[in-house]
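Only one structure is covered here, and it is reproduced in the block below.
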Amino acid sequence: MFISVLDLFKVGIGPSSSHTMGPMVAAHDFIKQVRQYTESNLSESLRIRCPLKDSLAYTGVGHATDRAIALGLHGHLPSTVVNEKMNELIKRIWIADTIVINHDTNIDFEAAKDIIFDTKSSLKQHPNGMIFDLLNESNKVLISKTYFSIGGGFISTLEEIDQVEAPISSESSAHYPFPFDTADQMLKMSAESGKAIWQMKQENELRNMSEPELNTKLDIIWSAMKACVESGLATEGVLPGGLNIKRRAKLLNHQLQNDSGDATVNDWLCAYAMAVNEENAAGHMVVTAPTNGAAGVVPAVLYYYYKHKSANIEQIRQYLLTTAAIGALIKYNSSISGAEVGCQGEVGSASAMAAAGLTAVRGGTTVQIENAAEMALEHHLGMTCDPIKGLVQAPCIERNGFGAVKAYTASSISLRESGIHIVSLDQCVAAMKKTGLDMSHKYKETSLGGLAVSFIEC
């Protein structure tokens, strides 16, 4: 298995990597196939429809899935809309009743009518399923493509998903210098080679690009994360969606700056993580880390170390490479999808990644890094994903702050010990997967249980 740091950390928009970014990528892929079809077939009246299944159907409105699909079908991708005036763009495509395929071909598509929230039927492969159909004027299906948004902006087709393990279509690691698929293999290779996790990850990445190219792309990721934190710290107002939740990060940061003597690490981490997730909830630019719903943890811990401990660019790159190595292991051997395993797979994974990265830049050994990642993940096991009104706001925003605090705590404990511990990271990842499979669908991003139904709007 090889999952690049550049695949795990992707610049896109909020509020969800699995419910916004993934569906946009899927829609963009489908419209490319439609273009190919129209090039070799006689012109006729055509229409597109898109039924959403399971979690996408239940929480798609709050997660902007319908808007994301409309954007994708009109040729947009998460990376290309970052600098767009989103409200204007969405308003423009929402009222459109056709999609321009080429200069002489338009296809009928009305987002409000042709995107269907189907809560009556399911797709067994994954809870984030969507079907795209191209129909003629007699409603005959000419092309049908099923996609699954499997977390972190990754997608799988129906053809792919039964053939892969995580499920994620990934390149074999056999051709890379350090082909570790488990944490135990990672520990062994590190011990035998004398190389740190970030060094092994870097050498794997350098099979596909030069070191200057890799460094440039890592610096772009960090720049986007930093900009997201600072934008969130500078912005106030009410988040969209109807819960009338006020942004809090700016005020919290202001209070901490005025009372820095009494401000704790936990205070700063919460301010930075909440800043990112308020940006995500607003539909603004974020970096999947490993998902949008958990996008605040990894940047918050890194920003704290940069701002308060003067991290240099080399340490920042080492942090990103280490976190990506751990995130890839979790994604391959379990899941980072809240709809599949609950929030333990999102914030839990992010906390494990951040704990590992922080321990690495603080001089920890490979054994201590693995221990830190395990501790952080262990103390998120069983965490449900139950967003109120299907919005990535409550409890999601605060939850990222707590995930960052747990990451820092796990790193600090591991650095004071030898790294020898009872439960391995591999065992903890396996427990997370099993717990997620046992968890009721009510607690896996459907807003049918937990806080989502306990909250009574006054």
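The values are calculated or read from the model by the stated rules, or taken from the named source; none is laboratory data. As the structure is a prediction and not an experimental result, all values here were calculated from the model. Glycine gets a Cβ as well: all are built from the backbone with ideal geometry, and neighbour counts include every protein chain shown.
Would you check if there is a residue in the stretch 308-321 being more than 21 Å from GLN199 (Cβ to Cβ), at pLDDT 95 or above and not small (Gly, Ala, Ser)? Among the residues of the stretch 308-321, at least one is more than 21 Å from GLN199 (Cβ to Cβ), at pLDDT 95 or above and not small (Gly, Ala, Ser), which makes the answer yes.
In this structure, is ILE420 modelled with pLDDT under 95, assigned by TED's automatic domain parsing to the domain that holds GLY436 and in contact with a helix residue (DSSP H, G or I) (Cβ under 8 Å, 6 or more places away or on another chain)?
Details: modelled with pLDDT under 95: yes; assigned by TED's automatic domain parsing to the domain that holds GLY436: yes; in contact with a helix residue (DSSP H, G or I) (Cβ under 8 Å, 6 or more places away or on another chain): yes.
So ILE420 passes the test.
Number of residues in the stretch 402-458 that are in contact with a Gly (Cβ under 8 Å, 6 or more places away or on another chain), surrounded by fewer than 19 Cβ atoms within 10 Å (Cβ to Cβ) and closer than 30 Å to ASN244 by Cβ equals 2.
Looking at this structure, is LYS307 under 19 Å from ALA356 (Cβ atoms), part of a helix (DSSP H, G or I) and among the basic types (Lys, Arg)? So that I can check it myself, show each step before the final result.
Details: under 19 Å from ALA356 (Cβ atoms): no; part of a helix (DSSP H, G or I): yes; among the basic types (Lys, Arg): yes.
No: the conditions fail for LYS307.
Using the structure shown, decide if MET383 is assigned to a loop (DSSP other than H, G, I, E, B), crowded, with 18+ Cβ neighbours inside 10 Å, hydrophobic (A, V, I, L, M, F, W, C) and without any contact (Cβ under 8 Å) to a residue 60 or more places away in the chain. Steps first, answer last, please.
Values: assigned to a loop (DSSP other than H, G, I, E, B): yes; crowded, with 18+ Cβ neighbours inside 10 Å: yes; hydrophobic (A, V, I, L, M, F, W, C): yes; without any contact (Cβ under 8 Å) to a residue 60 or more places away in the chain: yes.
For MET383, the condition - assigned to a loop (DSSP other than H, G, I, E, B), crowded, with 18+ Cβ neighbours inside 10 Å, hydrophobic (A, V, I, L, M, F, W, C) and without any contact (Cβ under 8 Å) to a residue 60 or more places away in the chain - is met.
Counting just the residues of the stretch 336-365 that are over 18 Å from HIS379 (Cβ atoms) and part of a loop (DSSP other than H, G, I, E, B), which one comes out modelled with the lowest pLDDT? Step through it out loud before you land on a result.
So in the stretch 336-365, the residues over 18 Å from HIS379 (Cβ atoms) come out as 337, 339-340, 360-365.
Retained after the next criterion (residues that are part of a loop (DSSP other than H, G, I, E, B)): 337, 362-365.
On the way: SER337: 95, ARG362: 98, GLY363: 98, GLY364: 98, THR365: 98.
Ranking the candidates gives SER337 first.
Looking at the stretch 49-150, the helices (runs of 4 or more DSSP H) lying wholly inside it that each contain 3 or more residues that are surrounded by fewer than 17 Cβ atoms within 10 Å (Cβ to Cβ) sit at 86-94. A search for C-beta distances below 7 Å between a residue of the stretch 399-415 that is aromatic (Phe, Trp, Tyr) and any residue that is surrounded by fewer than 24 Cβ atoms within 10 Å (Cβ to Cβ), counting only pairs 6+ apart in sequence or on different chains, returns TYR408/VAL265.
Counting only helices (runs of 4 or more DSSP H) that fall entirely inside the stretch 157-273 and contain at least 2 residues that are on the phi < 0 side of the Ramachandran plot and touching a strand residue (DSSP E or B) at 6+ places or on another chain (Cβ under 8 Å), the qualifying elements are 158-161, 211-233.
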